[in-house]
Amino acid sequence: MSRVGVLRFPGTNCDRDIWKSLELKGKNPQWLWFEETFDPQAFEAFVLPGGFSYGDYLRSGALAALSPAMESLKEADQLGLPIFGICNGFQILCEAGLLPGALMRNEGGRFIDQWVDLKLENVSPAWSPLEKGQVHCMPMAHADGRFFINETGLQDLRMNNQIWLTYEKNPNGSVANIAGIMNKKGNVVGMMPHPDRALFDWMGSRDGLRFFDHKAVSV
Amino acid sequence: MKFAIKVLPKPEVLDTQGRAVAETFTRHGFDVKSCQVGRYIVLDVEGQNPEEAKANATAMVKKGLYNPLIENFEMEEIK
């Protein structure tokens, strides 16, 4: 069974949701504590859950990005292992430099909690066997989710097919309607909305379940 | 040695806090041309000499006290 490391920081609050999501996909989730380094080769993939690490002090994700566990996660990236950040996890990956861009306060200045439709723009070679053009419905819940990148950065994202997901209707002023991106290699992906909050029909949608799968990566 | 670090959003980046402050005070009759809201950080750092202390403070700023994609910073020594 595939061992997937789930990183926990002080203030992470979607960790149990991620655990459940991974179990539903037949994975073997393992907790990873922010204060400790780990052996990246002991895992097949990693997830950074949502929440409010360090109470969003300094900038969302900025202090968590400096944790010892993140040093090990950077080694995992060097090995090309799949890494998936959701909401605060996405913010942490950007602050750590594992993904380009930054997540800023929503254009309207408010925390927004609503259902959104997301279009898959490009397929990540490492995470989730999703199809290009497919639309997924799930909740978003954030105040600091406005994706920002400068003009040249955006051109790079487009040229390298790094735009992973876009909002069908832009809720927060994100550049180019971006809801999720990937790094150049495609093994690191991040998204603001919560697939972990759309796992069963009774939750309103089970589209999110599709996101908790990764392809086998030979290390 | 103590250093004060001013961090402000880059002018080309939408500053939602600055906009909200400007709009609110404009409603109260003030003639606000623009407003930026940032952070003011005071650091007390060790060093063998003033140059090293300043280098340590600068290293901290660059390691994460500001985000170069969206912010600018200024640093000065204070008493």
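Here the contact order of chain B, divided by its residue count and restricted to Cα pairs under 8 Å and six or more residues apart, works out to 52 percent. Shown here for the range A:109-155: trypsin sites (Lys or Arg not before Pro) in loop regions (DSSP other than H, G, I, E, B) with at most 13 other Cβ atoms within 10 Å, namely A:R110, A:K132. Taking each DSSP H run with n ≥ 4 as -39500 (n - 2.57) and averaging over every residue of chain A yields -5000 deg cm²/dmol at 222 nm. For chain B, adding -39500 (n - 2.57) for each run of n ≥ 4 DSSP H residues and dividing by the number of residues yields -9000 deg cm²/dmol at 222 nm.
Close lysine pairs were tallied over the range B:2-78: pairs 8 or more places apart or on different chains with Cα atoms under 20 Å apart number 11. The orientation-averaged projection of the convex hull spanning the C-alpha atoms of the range B:2-78 amounts to 5.9 square nanometres. Legend: P(r) of the range A:109-162 from all alpha carbon pair distances, 10 Å bins from 0, whole percents, reading 20, 36, 41, 3. Compute the distance from the alpha-carbon center of the range B:33-53 to that of the range A:1-67, in whole Å. Centre-to-centre (Cα) distance: 32 Å.
A:P68: net charge of surrounding residues, Cβ under 9 Å, Lys/Arg +1, Asp/Glu -1, itself excluded? Around A:P68, the surrounding residues sum to -3. For GluC sites (Glu not before Pro), the sites in the range B:11-79 that DSSP calls loop and that have at most 12 other Cβ atoms within 10 Å are B:E12, B:E46. Of the GluC sites (Glu not before Pro) found in the range A:1-57, those in coil by DSSP whose Cβ has at most 14 other Cβ atoms within 10 Å are A:E35, A:E36. The alpha-carbon atoms of the range A:63-219, seen along their principal axes, cover 37, 32, 32 angstrom, with the largest extent given first. Which shape class, rounded, prolate or oblate, goes with the range A:86-139 when its Cα gyration tensor gives a ≥ b ≥ c as root eigenvalues, a/c under 1.5 marks rounded, and past that a/b bigger than b/c marks prolate? Note, shape of the range A:86-139 comes out oblate. Farthest towards the positive end of the charge dipole of the protein assembly as shown, among the residues B:S34, A:M70, B:I5, is the Cα of B:S34, using unit charges on the Cβ of Lys, Arg, Asp and Glu. Relative to the dominant Cα principal axis of chain B, helix B:16-27 is inclined by about 40°. Calculated on the alpha-carbon coordinates, the convex hull of the protein assembly as shown measures out at 147 cubic angstrom per residue.
When exposed loop sites are taken as chymotrypsin sites (Phe, Trp or Tyr not before Pro) in a DSSP loop with at most 16 other Cβ atoms within 10 Å, the longest stretch of chain A clear of them is A:112-219. With a Förster radius of 22 Å applied to the beta-carbon distance between A:K184 and B:L14, the computed FRET efficiency rounds to 0.25.
Taken together, the values in this text are just the output of simple stated rules run on the coordinates, not laboratory data. Because the structure is a prediction, the values reported are computed rather than measured. Counting neighbours? That spans all protein chains shown, and the Cβs are built from the backbone with ideal geometry, glycine included.
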